[in-house]
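A short worksheet on the structure shown next.
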Amino acid sequence: MQDAAAMPEAERDAAAASVATICDLAGGGLADAQLALGQILLDGTLLPRDARAALGWFLAAARQGDAMGCNMVGRCCELGWGMPAAPAEAMRWYRRAACAGLDWGMYNYATGLTLGWDGPPDHARALAWFRRAAARGHCKSFNIIGGFYEDGWAVTRDLDQARAWYARAADGGDFRGHFNFGRFLLTEGQQARARWHFERAREGATPGFLARMEQFLAEGPAPERDQTE
């Protein structure tokens, strides 16, 4: 979202009017407006950043039973937005979002189960939730399921299955999926295809992931020749 201060005056006035409308609708109890206002406050663009106020609006939506509201409260609890970080509390909200059918809630809840945010890690339950999210087309879950098969977590290790899930994640545009599928292509001698996927990974990667990816590419072994060229 563009910083309001950098907008031309006409656009800034229009944005201010839009925010005013969102505020009115949020105050009137519309969950979608409450979510939108929470995100505006969290981003700190069209209004001054106020994570605590953002959390309040996410809670307002969640208390109406809005699944994304529950998920966003979970994000605030997990990451310490507007409150001290509380991963176990995040899990309770993520579970509510997941049980309401939200793919992102399923993914976040499964991530917490994998990492043990509210008890010992439970890979079997985590995988079941990742599969539910994947059934709804959640690309990041495709990539994680690939990791389960590659590492043998809660399933028999199966590199063919791992490759297939990574390919699905890459097809869906997930940057981690592009990277992981690229790794498999490298081992198969398909350097040209691998490079293409690494470039797609670079386009979407977070700075931390990008640094790790570049280190892998600098240090990792590569086939002697490209069987596709």
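The values are calculated or read from the model by the stated rules, or taken from the named source; none is laboratory data. All of these numbers come straight from a predicted model, not from anything done at the bench. So basically every Cβ, Gly included, is an ideal-geometry build from the backbone, and we count neighbours across all protein chains shown.
Annotations
- Exclusive hit being in a loop (DSSP other than H, G, I, E, B), within 24 Å of D103 (Cα to Cα) and among the hydrophobic types (A, V, I, L, M, F, W, C), set A36, A54, A85, A61: A85
- Scanning the stretch 184-201 for residues that are among the charged types (D, E, K, R) and without any contact (Cβ under 8 Å) to a residue 24 or more places away in the chain yields R195, E199.
- Of all the listed residues (A126, A97), the sole one being touching a residue at least 12 places away in the same chain (Cβ under 8 Å), buried (at least 16 other Cβ atoms within 10 Å of the Cβ) and out of contact with any Cys (no Cβ under 6 Å at 6 or more places or on another chain) is A126.
- Hey, A54 under 20 Å from the mean Cα position of the chain (by Cα), farther than 18 Å from S141 by Cβ, surrounded by fewer than 17 Cβ atoms within 10 Å (Cβ to Cβ) and among the small types (G, A, S) or not: no
- Residue identified as crowded, with 21+ Cβ neighbours inside 10 Å and either in contact (Cβ under 8 Å) with a residue 60 or more places away in the chain or under 23 Å from M213 (Cβ atoms) (or both) among Y166, Y109: Y166
- If the condition is being of a type in the set (G, A, S) and either surrounded by 15 or more Cβ atoms within 10 Å (Cβ to Cβ) or assigned to a loop (DSSP other than H, G, I, E, B) (or both), then the stretch 182-203 contributes G182, G189, A194, A201.
- Qualifying residue in the stretch 220-228 (condition: among the acidic types (D, E), surrounded by fewer than 19 Cβ atoms within 10 Å (Cβ to Cβ) and at pLDDT below 95): yes
- The single condition among (1) of a type outside the set (S, T, N, Q); (2) in a loop (DSSP other than H, G, I, E, B); (3) closer than 28 Å to L127 by Cα that G29 does not satisfy is (3).
- Yes/no for R176 being of a type in the set (K, R), touching a helix residue (DSSP H, G or I) at 6+ places or on another chain (Cβ under 8 Å) and more than 24 Å from E78 (Cβ to Cβ): no
- Among the residues of the stretch 147-159, at least one is out of contact with any helix residue (DSSP H, G or I) (no Cβ under 9 Å at 6 or more places or on another chain) and at pLDDT 95 or above.
- Residue in the stretch 170-181 that is modelled with pLDDT of 95 or more, small (G, A, S), more than 16 Å from the chain's Cα centre (by Cα) and surrounded by fewer than 20 Cβ atoms within 10 Å (Cβ to Cβ) present: no
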